[in-house]
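The block underneath contains the structure these notes are about, expressed in structure tokens.
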Amino acid sequence: MDLNTIGFFVFGAIAVLASLGVIGQRNPMHSVMLLIVSFGALAGLYILLDAPFSAVTQIIIYAGAIMVLFLFVVMLLNAHTEADALPQVIGPRGMQIGAVLSVLLAGEVVWGLSRLGLTWFGNDPATIANISSVSRIGIAIFTTHAFAFEVTSILILVSMVGAVVIARREH
Amino acid sequence: MPAFINPTILAHLVLIFVVMNLLVLSSAFMVWMERKVCAYIQDRVGPNRVGYEGALQPFADVLKLLFKEELRPKAADAFLFAIAPILSTVAALTAFSVVPFGTETTLFGLLSEPLRLEVTDVNVAVLVIFAITSMGVYGIVLAGWSSNSKYSLLGGLRSSAQMISYELSYGLSLAAVVMLAGSLSLREIVMNQSGYWFHVIPKWYIFLQPIGFFIYLTAGVAETNRAPFDFPEAEQELVAGYHTEYSSMSFGLFFLAEYVNMVTVSAVATSLFLGGWLGPLLPDWLGWVWFMIKVLAILFFYVWMRWTLPRYRYDQLMEFGWKWLLPAAVLNLIATAALVIWLG
């Protein structure tokens, strides 16, 4: 086995085990930390795939920015167990809806993956480095995918404005 | 000798070992310098008993800390309480690994391939530093939360809010330099600063990005939680902030992380704005001397500022970060982008 394969199994195992831990244990703070571990392992997988830029953005955006917000919410709720964090409205009915939603999500992922053809970039290191280079990604985002990019930005902006509006209403 | 132990790999391992230890040593030196400079600013002598001019004082302090009892509050989350200082230190030490501090060397012909004076050369180095600094927040937040004490929690919340707010300006000032250099690799950014304008002024980015440099330094102070932005440990209000409940070496680790972070912020500032290891007079292979001089100058500035300026008020800090520094950073970025496109 070469180093890449060993690395794949190590990072893959960490990611899967950490993700199981996120939903498997009851302390929300530990869940957040395990989710960060899982993101870190994913970043490791990206590095093995010769995509350092994706790996670093994974850390900056998911492990760095988004998880800090999660952490804040858990801290401010002062939730030491999962029961503290759950609002009272989520009862057995909530569990059922959650189960249906997760089945739907799993179906969607499988459907999406089956539609997606795999592209083999070859083994040439120069080509791989070119594909994962920051400038190539930037050009692709701002030309080919410019519309999707802008729509996503507006979506985020709208949700941000919504959050501010909801937060202001209490005054 | 097995095949995988070749001189290059061995040299890299030695380099990693040396760099990590130098970082720890430099933080010991920083503690000494901080106490000395602050003493002279306050017209005192400072530590002068242990070693020459008190130079061994930090080591004595560490020895004392090692012999202290490790205390943990009863209601603390034992696991998170234990890993929080480790996370802080690891993040602090790791960030330095992508900073280049000299040109290549073969160690006077000992190595067949030239060894670059940095732990690793990543082509997205600037982003790696940004990513690892953003990981450093967790150590502080977790320390504040897991201690289960009011002061710690408030300190942790404050510091994470502060770090998140200033991270934006920090990142934007980095982005302006990245645009000028057209590269995310710190080594290439440094190499782009070689040469002189009119044979006198070095082509350092500080002259092209004075506002960016100011923003970087300010955000850097806030990121490292130092005065005048040291709210996480504002003594009068919060005892010692997020590390109130820590004792012995776990407190020492937070202390170490703070000083290593300072060194890293200064080293990155040196690479981005002050031409890294480039400098006149000295031959190329002595570039690391220039690097150290520049880093030391910025570090001295940090210490000087801490003992000169009073602490801000918390709302002033947030207002300054969001209403002044961030817009300035955005404008700086747009102006830089426009100039880069206009001048090609």
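The values are calculated or read from the model by the stated rules, or taken from the named source; none is laboratory data. What you are looking at is a predicted structure, and each value in this text was computed from that prediction instead of being measured. Here the Cβ is made from the backbone with ideal geometry for all residues, glycine too, and neighbour counts use every protein chain on show. These accessible areas exclude ligands, DNA and RNA; they are computed on the full protein's heavy atoms, side chains included. Shrake-Rupley method; radii C 1.70, N 1.55, O 1.52, S 1.80 Å.
Hey, what's the per residue convex hull volume over the C-alpha atoms of the stretch B:229-344, in cubic angstrom?
160 Å³
Using a 1.4 angstrom probe and counting only protein chains, how large is the accessible area of B:Ile140 in Å², to 10?
B:Ile140 exposes around 10 Å² with every protein chain in place.
Per 0.36 nm of contour for each residue apart, how much would the distance between B:Ser247 and B:Lys203 grow if the chain were fully extended, relative to their Cα-Cα spacing?
Full extension of this stretch gives 11.1 nm more.
So for the protein assembly as shown, considering every pair of alpha-carbon atoms, how many percent are separated by more than 44 Å?
In whole percent, the share of Cα-Cα pairs in the protein assembly as shown beyond 44 Å is 19.
Report the accessible surface area buried between chains A and B, summing both sides, using a 1.4 Å probe on protein heavy atoms only, in Å² rounded to the nearest 100. Before the final figure, lay out the partial values.
Details: alone 13220 and 17330 Å², together 28640 Å².
Summing both chains' loss of accessible area gives about 1900 Å².
How much accessible area per residue does chain B have, counting only protein heavy atoms and a probe of 1.4 Å, in square angstrom?
I get 48 Å² per residue for this part.
Quick one: with all protein chains in place, what share of the accessible area of the stretch B:3-343 is carbon or sulfur, to the nearest percent (1.4 Å probe)?
Roughly 71 percent, rounded to a whole number.
Can you tell me the FRET efficiency between A:Arg168 and A:Leu69 if r is taken as the Cβ-Cβ distance and R0 is 25 Å, rounded to the nearest 0.05? Display every interim value, and only then the final one.
Numbers: r = 19 Å, r/R0 = 0.74.
E(calc), rounded to 0.05, equals 0.85.
PRE reach from A:Ile156 (point 7 Å along Cα→Cβ): which of the stretch B:123-137 fall under 16 Å by backbone N?
B:131
If N is the number of residues in the stretch B:3-343, what value comes out of its Cα radius of gyration divided by 2.2 N^0.38 Å?
It is 1.02.
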